[in-house]
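Contents: one structure, followed by commentary.
The values are calculated or read from the model by the stated rules, or taken from the named source; none is laboratory data. As the structure is a computational prediction, the values presented were derived from the model and not from experiment. Glycine also receives a Cβ, built like all others from the backbone with ideal geometry; neighbour counts cover every protein chain displayed.
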Amino acid sequence: MTDEMFLDLVADRLAGLPAVRAVTLGGSRAQGTHTPDSDWDFALYYRGGFDPADLRAVGWEGEVSELGGWGGGVFNGGAWLCVEGRRVDVHYRDLDVVEHELAEARQGRFRWEPLMFHLAGIPSYLVVAELATNRVLRGDLTRPGYPPALRESAPAVWRERARMTLLYAKGAYVPRGQATEVAGAVATAAAYTAHAILAARGEWVTNEKRLLNRAGLRPLDTLLAGLGPEPDTLAAVVAEAERLFDVAAGSLS
């Protein structure tokens with residue numbers, strides 16, 4: 001089965017589910033950065049009462065979550081499946097929520113939400129980023145540009161989260177020689193800073209897989225490799241991380 005035949009198969013089945021109004025392909029395969037081993041990321045956009053039981057009834061092998069099963073925020077659930085021998089992720093997208101977050105983003109407003117596997121969590125405008133970057137397979141969806149108001153407001157919010165994270169690390173972890181906690185704080189602050197940098201550029205972010213690379217923060221790997229439990233060493237690492245973040249952020253700092 002060719003890739004296009006596979007796309008048609010999955011898109012048709014998802015689009016045929018009750019309440020589904022559109023289906024998109026996302027992730028690396030939509031952006032052309034995939035490898036042969038990359039999984040397939042689909043989003044189903046529904047209006048009203050979508051029931052995950054309808055997706056289970058398709059009969060594909062895997063796990064199908066309830067609505068809200070992946071945190072209950074804008075990223076409100078989905079499925080991990082195997083379809084025709086290929087790994088498939090399906091994300092639920094409530095069109096009412098997506099349209100609300102688009103309106104908020106155009107006003108420069110967003111919320112921060114925790115999400116499993118994401119160091120920095122996610123902004124509520126992630127679902128707007130998906131609209132802008134995903135490939136529409138079925139149905140009609142708007143394709144928004146990056147809102148100028150969001151580009152103006154978001155960097156300062158992310159930078160403040162990074163600053164507070166490192167400030168806490170310096171007071172709570174560094175004096176105790178807690179290298180693991182310091183490493184976690186620096187990595188989290190790096191992800192926050194990367195969000196700030198990309199927001200200032202007007203570049204969408206849909207996950208963290210290439211976030212540090214895109215923001216020019218990959219040198220952090222070498223810095224963290226030198227961590228040890230001595231407070232002086234930890235303090236020096238945090239100070240160097242702050243310097244790296246300021247340099248990468250440029251005028252944002």
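Condition first: touching a His at 6+ places or on another chain (Cβ under 7 Å), closer than 18 Å to residue 119 by Cβ, at pLDDT below 95 and buried (at least 16 other Cβ atoms within 10 Å of the Cβ). Can you find one or more residues in the stretch 208-215 that meet it? Among the residues of the stretch 208-215, at least one is touching a His at 6+ places or on another chain (Cβ under 7 Å), closer than 18 Å to residue 119 by Cβ, at pLDDT below 95 and buried (at least 16 other Cβ atoms within 10 Å of the Cβ), which makes the answer yes. Say whether the condition of being assigned to a helix (DSSP H, G or I) and modelled with pLDDT of 95 or more is met by at least one residue in the stretch 56-73. Within the stretch 56-73, one or more residues are assigned to a helix (DSSP H, G or I) and modelled with pLDDT of 95 or more. If you check 38, 28 for being part of a helix (DSSP H, G or I), of a type in the set (Ser, Thr, Tyr) and at pLDDT below 95, only one passes: 28. The single residue among 8, 37, 94 that is under 19 Å from the mean Cα position of the chain (by Cα) and among the acidic types (Asp, Glu) turns out to be 94. Within the stretch 22-34, how many residues turn out to be surrounded by 17 or more Cβ atoms within 10 Å (Cβ to Cβ) and more than 17 Å from the chain's Cα centre (by Cα)? Looking only at that region, the number is 2.
Just one of the listed residues (183, 194, 187, 162) is closer than 21 Å to residue 218 by Cβ, touching a Lys or Arg at 6+ places or on another chain (Cβ under 9 Å) and not β-branched (Val, Ile, Thr), namely 194. Scanning the stretch 170-212 for residues that are of a type in the set (Ser, Thr, Tyr) and closer than 19 Å to residue 241 by Cα yields 173, 180, 188, 192, 193. Is it the case that some residue within the stretch 5-16 is buried (at least 17 other Cβ atoms within 10 Å of the Cβ) and either of a type in the set (Gly, Ala, Ser) or not assigned by TED's automatic domain parsing to the domain that holds residue 97 (or both)? Yes, the conditions are met somewhere in the stretch 5-16.
Quick grid of which residues meet (1) at pLDDT below 95; (2) surrounded by fewer than 14 Cβ atoms within 10 Å (Cβ to Cβ); (3) of a type outside the set (Lys, Arg):
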site: 104; (1), (2), (3): no, no, yes
site: 113; (1), (2), (3): yes, no, yes
site: 139; (1), (2), (3): no, no, yes
site: 151; (1), (2), (3): no, no, no
site: 177; (1), (2), (3): no, no, yes
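Those residues that are under 26 Å from residue 238 (Cα atoms) and among the aliphatic types (A, V, I, L, M), I need them from the stretch 127-174; list them, please. Within the stretch 127-174, 154, 156, 157, 162, 164, 166, 167, 169, 172, 174 qualify. The set of residues in the stretch 211-253 that are without any contact (Cβ under 8 Å) to a residue 60 or more places away in the chain and charged (D, E, K, R) comprises 214, 218, 221, 230, 232, 240, 243, 246.
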